[in-house]
Amino acid sequence: MENNSLKHLAIIMDGNGRYAKNMGKPRFVGHQLGMENVENITLACDELGIKVLTLYAFSTENWARPKEEVAFLMNLPVKFFNKFMPTLMKNNVRVKIMGFLDQLPEKTYQVVQDAMEQTRNNTGLVLNFAFNYGSRKEIVAATQAIAQKVADHELQVSDIDEELLSRNMLTGDLGDLSDPDLLIRTSGEERLSNFLLWQLAYTEFAFTDKLWPEFTKEDLTKIVQDFQKRHRRFGGLDK
Ligand code: IPE
Ligand code: IPE
Ligand code: MG
């Protein structure tokens, strides 16, 4: 019997709009409920002993949505941290926001910086939001940073290896925990939508038809139990 340990879980939180539509409500209602579900699932992950929870909250492609929806999504971190910061502090959660943060509206930028600053010394679960995140952009930025060091004679071409690439990704500061063990996508879609292309090389995938606002702790626990039984071979053979 396998018993895989789950240290880093990543979730593509999808289906907020469809959830609202099913209720006959405007899309933003789904985003609001989706935001509230982040708290439940974060606490459930903490109970399950997970060390890093990475949540895809806004992609570099999501700017293509109507400007009212984008504005609502950009304001969600403000609401989220206003509402849940005491709970995060109480549970020793450290917040990390990973993405192209300099493109965020000023207020959103301030709020996410404050959340990281306030929780900086917490030693429990790392709650890592991918916000204005895009994996191809991330890889391009890492490549540019490394190329610049070569141009400045701080690095040799032969110094470039997988480890160096990993450290230059936006997950680089997570060290040994930078690659997720398990990826969940809700809402029935089975694609990556430009999420963690480098980091997911050997990650296990799980898809569920549940929409994000209705995804529960019980759904999560079932998926995690299934994950623990899987045979992860990493190119080798079963023991
Ligand atoms: C996920 O829900 C949240 C974001 C992408 C910001 P969606 O807004 O994509 O919901 P659907 O996929 O349209 O139902
Ligand atoms: C992926 O969901 C991004 C987030 C969940 C933040 P989308 O709803 O944007 O993905 P596509 O457009 O269906 O691929
Ligand atoms: Mg979607």
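Just so it is clear, none of the values below were taken in a lab; they were calculated from the coordinates. Quick caveat, the model's predicted, so the values are computed rather than measured. No Cβ is skipped: glycine too gets one built from the backbone with ideal geometry, and neighbour counts run over all protein chains shown.
Specify whether the C-alpha gyration tensor of region 37-195 places it in the rounded, prolate or oblate class, a ≥ b ≥ c being the square roots of the eigenvalues: rounded for a/c under 1.5, otherwise prolate if a/b is larger than b/c and oblate if not. Provide the component values of the computation, followed by the final result.
Numbers: a/c = 1.64, a/b = 1.38, b/c = 1.19.
The shape class here is prolate.
Pairs Lys67/Lys149; Lys21/Lys217; Lys21/Lys79; Lys96/Lys239; Lys25/Lys217: which are spaced more than 31 Å apart, C-alpha to C-alpha? Lys67/Lys149; Lys96/Lys239, as the Cα separations exceed 31 Å there.
What number do you get for region 193-239 when its Cα radius of gyration is normalised by 2.2 N^0.38 Å, N = residues?
Numbers: Rg = 13.4 Å, N = 47, 2.2 N^0.38 = 9.5 Å.
Cα-based Rg divided by the globular estimate yields 1.41.
Using the Kyte-Doolittle scale, which helices in the chain average at least 0.0 and also have C-alpha atoms spread 27 Å or more along the helix axis, with helices defined as whole DSSP H runs? Sorted by number, the helices that extend far enough and score high enough are 67-90. Could I have the simple spin-label model distance between Lys90 and Glu61, label points 7 Å from Cα toward Cβ, reported in nm to one decimal? Between Lys90 and Glu61, the simple spin-label model gives 3.8 nm.
Please report Phe207, Phe84 as a ranked list, fewest other C-beta atoms within 10 angstrom at the top and most at the bottom.
Working: Phe207 16, Phe84 21.
Starting with the residue having the fewest Cβ neighbours, the order is Phe207, Phe84.
In angstrom, the C-alpha Rg and Dmax of region 7-76 are 13.4, 39. Only the Cβ atoms of Lys and Arg (+1) and of Asp and Glu (-1) were treated as charged; on that basis the dipole of region 35-87 about its Cα centre amounts to roughly 160 debye.
Computed from the C-beta positions of Asn22 and Glu190, the FRET efficiency with R₀ = 35 Å rounds to 0.95. The distance from the alpha carbon centre of region 16-32 to that of region 77-91 is 23 Å, rounded to a whole number. Taking 1.002 mPa s as the viscosity and 20 °C as the temperature, the Stokes-Einstein diffusion coefficient of region 19-116 based on its alpha-carbon Kirkwood radius rounds to 147 µm²/s. Taking the fewest neighbouring Cβ atoms within 10 Å as the starting point, the ordered list for Glu190, Glu138 is Glu190, Glu138. At q = 0.17 Å⁻¹ the log10 of I(q)/I(0) for region 160-239 amounts to -0.84, computed by Debye summation with a single uniform scatterer per C-alpha, solvent ignored.
Take every pair of alpha-carbon atoms less than 8 Å apart whose residues are at least six positions apart; their mean separation over the length of the chain yields a relative contact order of 30 percent. Taking 7 Å steps out from each Cα toward its Cβ at Phe234 and Glu69 produces label points 4.0 nm apart.
Restricting region 91-147 to trypsin sites (Lys or Arg not before Pro) that sit in a DSSP loop and have at most 12 other Cβ atoms within 10 Å of their own Cβ leaves Arg120.
Note on Val150 and Lys217: their simple-model spin labels are 5.0 nm apart, each label 7 Å out from Cα toward Cβ.
Among Glu204, Glu162, Glu154, the residue with the largest mean-square fluctuation in a Gaussian network model of the chain, with springs joining Cα atoms closer than 10 Å, is Glu154.
Counted by neighbouring Cβ atoms within 10 Å, the residues Phe28, Phe58 run from fewest to most as Phe28, Phe58.
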